[in-house]
Structures are given as structure tokens and as C-alpha cells.
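Chemist: Once you've had a glance at the structure underneath, I'll fire off some questions.
FYI, it's all coordinate maths here, none of it is from the lab. As the structure is a computational prediction, the values presented were derived from the model and not from experiment. FYI the Cβ positions are ideal-geometry reconstructions off the backbone, even for glycines, and counts take in every protein chain you see.
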Amino acid sequence: MSASYNIAPSQDIAAVRSVGGRRGMTLLRWGLLPSWARDAKTGYSMINARAETVADKPAYRAAFRQRRCLIPADGFYEWRQTGAGKQPYHIRMKDGGVFAFAGIWERRERDGEVTESCSIIVTAANDTIRPVHDRMPVIVAPRDYAAWLDPGLRDPDAVKPFLRAWPADGMEAFPVSTRVNRPASNDARCIEAV
């Protein structure tokens, strides 16, 4: 897999999951497509699942109990509303390290076509991100990876404690070029501060 600086909804993203007792990395379509969905366009609106409701909403409930994944990243974007429009910000760990978003995945088979897709779970923003946006992806601590990926851990109450905002003091956010508003822009210039 090559580096990507600007992944957009409906594109494939790398994810780590446990299937049949084995962990592995795979590509999943970003935008959860429930197994019962008639239209593949449904997934476009399901790129994020709210931490507060992921265990209860019919579209996410089964995946949250049995099909959780980790989505590795070293940064992400959020947009801040300004008088001149929306300003994109790049958000990352201060040390530049890799981390993992909490995700859920689903498999849909329809008309002989198999689609495996995912959503990123989001929660209320921490103090670093709140000036930019009110929500942020849930980031799973490395010590919790095994439990998060365990498909045998099906009690939602045992998993919900992982759904919290990452501590603000370990993160930074800075404005970047509006180039990131176009998915075709996918190079290191996307993450340069402006």
C-alpha cells in the first residue's frame, strides 16, 4: 500500500481486523454499506458513526458488536467555518507518530458482488480540535488494540469505554491549503502548514 495524503469517502482505506481468529490488514471502502442496503450509495453518507449511538443504531449495531477494526493514520483533516468559507486543518500527534482510529466494518453481498466497507467512529472533540470542529475520530490506545479487535468481546458496555477523545495535549492542529478539498490532490503538499 502506498502513502495517501488525501483519502475521500468511498475510496479504499487500510484497516486491521480479526477474521477467523487471524489478524490482518486489508482495504475497506470508506462508508459503511450495511448488508441489507439496496443501494451502494447508502455508504457515502455513513463514513462516520457517532460514539453515542453506534451500539444502538440498526445500521451499526451488529458491526459494533462483532466487526470492529483499527484504521491506521498519521493525521486527518477537519474544516473550520470562517467568514471566507471553510478552512481545512491537518490534525496529528505532536510527535508525528502513527495512531489508529476506532472503526467498524461490514460485508455486503448483492448480485454476486461483495463489498467490504467501514465507518470511523467519532466523538466530541478535545480542546485542541474543538476550535476547528466539534467532533473528532475516536483514537484507540495501543494497549486496547487486542480488546478492540476481539470479535468474541460482544458486550457493548465492555467496548464503550474505548470510545473517548484522545488527550488534547498530545495533538496539534494547523491550517493547510484548500487543495485537500479536491480528492485528486494527493501529495505531501496537502499537509504543509499555510
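Chemist: Which number comes out as Rg/Rh for region 1-89 once both Rg and the Kirkwood Rh are worked out on C-alpha atoms?
Modeler: Taking Rh as the inverse mean 1/r over Cα pairs, Rg/Rh reads 1.01.
Chemist: What is the Cα coordinate range of region 71-154 on the first, second and third principal axes, sorted by size from largest, in whole angstrom?
Modeler: Largest to smallest, the principal-axis extents are 48, 36, 22 Å.
Chemist: Now, a different point. Long-range amide H contacts for C69: which residues qualify at under 5 Å (H placed 1.01 Å from N, peptide plane, sequence gap of 5 or more or a different chain)?
Modeler: When sequence neighbours closer than 5 places are left aside, the close amide H contacts are G103, I104, W105.
Chemist: How many percent of DSSP beta bridges within region 1-149 run antiparallel, rounded to 5?
Modeler: Bridges in region 1-149 that DSSP calls antiparallel: roughly 90 percent.
Chemist: At 10 °C and 1.306 mPa s, what whole-number value in µm²/s does Stokes-Einstein give for the translational diffusion of the chain, with Rh from the Kirkwood sum over Cα pairs?
Modeler: For these conditions, the coefficient is 92 µm²/s.
Chemist: Here's something else I'd like to know. Which of A84, A124, A158 moves the most in a Gaussian network model of the chain with Cα springs under 10 Å?
Modeler: Among A84, A124, A158, the largest mean-square fluctuation in the Gaussian network model of the chain belongs to A84.
Chemist: May I have the count of lysine pairs in the chain with C-alpha atoms under 27 Å apart, counting pairs 8 or more residues apart or located on different chains?
Modeler: 5
Chemist: What is the order of M25, M46, M93, fewest Cβ neighbours within 10 Å to most?
Modeler: M25, M93, M46
Chemist: Further question: What distance in nm lies between label points placed 7 Å from Cα along the C-beta direction at D155 and T82?
Modeler: Label-label distance for D155 and T82, simple model: 4.9 nm.
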